[in-house]
C-alpha cells in the first residue's frame with residue numbers, strides 16, 4: 001500500500017481543492033473548461049481563472065523542485081504535437097477531460113459525467129487488452145515517422 005500513498009494523498013488534495021473552489025467561488029474546477037474559457041473568450045475572463053491556471057503550473061513546478069522530482073527525457077515534437085491535438089480534440093468531443101468528469105462531475109452526481117467516465121474507462125481497458133494481445137511491431141513506428149517527416153517536409 002505504501003506505493004499508492006502519494007497517489008491517495010494527491011487525490012485527496014485534488015478533491016479538497018475542487019471542493020474549496022466550488023464552495024468559495026461557486027465554480028466547478030474543471031481544468032479543460034477553465035483553460036478553454038481563458039483561451040477562447042473574447043471578453044476578459046474572471047481573474048480567478050488566471051490565478052487557478054497559474055497555481056497549477058507554479059504549484060507543480062514548486063513541488064517538483066521541492067521534492068526533487070526525477071528529470072524526464074523529452075519526447076520528439078513529432079509525437080507530442082499530434083498527441084496534444086488528439087487530447088484536445090477528445091476533450092472537446094467529450095465536453096471535458098477524464099479527471100474533470102471523474103472528480104467534478106461524479107462529485108456533483110452528474111449522469112452525463114458517469115456515462116463519460118464509463119466510456120473513458122471502457123476505452124482504456126479495451127486499449128490495454130488489445131495492446132497486450134497484439135504482438136509488438138516496430139514497422140508502424142517507422143511508417144508513422146516517415147509519414148510525418150514527409151508531411152512536414154523534413155528529410
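Observations on the model:
- Rounded if a/c under 1.5, otherwise prolate or oblate - segment 74-155, Cα gyration tensor axes: oblate
- Just checking the listed ones, 116, 131, 23: in the Gaussian network model of the chain with Cα springs under 10 Å, the one fluctuating most is 131.
- From the coordinates shown, P(r) over Cα pairs in 5 Å bins from 0, in percent corresponds to which of [x] 1, 7, 10, 14, 17, 18, 14, 10, 5, 2, 0; [y] 2, 6, 5, 5, 4, 4, 4, 4, 3, 4, 3, 4, 3, 3, 3, 3, 3, 3, 3, 3, 2, 2, 2, 2, 2, 2, 2, 2, 2, 2, 2, 1, 1, 1, 1, 1, 1, 1, 0, 0, 0, 0; [z] 1, 7, 13, 13, 12, 9, 7, 5, 4, 4, 3, 3, 3, 3, 3, 2, 2, 2, 1, 1, 1, 0, 0, 0: [x]
- The distance between label points at residue 92 and residue 76 comes to 2.6 nm (points 7 Å beyond Cα on the Cα→Cβ vector).
- Computed FRET value (nearest 0.05) for residue 16 with residue 110, which takes r as the C-beta separation and R₀ as 30 Å: 0.95
- With N counted as the residues of segment 1-72, its alpha-carbon radius of gyration over 2.2 N^0.38 Å works out to 1.31.
- Of all the options 82, 70, 47, the one that moves most in a Gaussian network model of the chain with Cα springs shorter than 10 angstrom is 70.
- Sorted peptide list for 95-101, 109-115, 25-31, criterion being average Cβ within 10 angstrom, highest first: 95-101, 25-31, 109-115
- Between residue 83 and residue 143, the distance separating the two model label sites (each 7 Å from Cα on the Cα→Cβ line) works out to 2.1 nm.
Every number in this text was worked out from the coordinates using simple rules, so none of it is lab data. These numbers were taken from a predicted model, which means no experiment stands behind them. With ideal geometry, Cβ positions are generated from the backbone for all residues, glycine too; neighbour counts draw on all protein chains shown.
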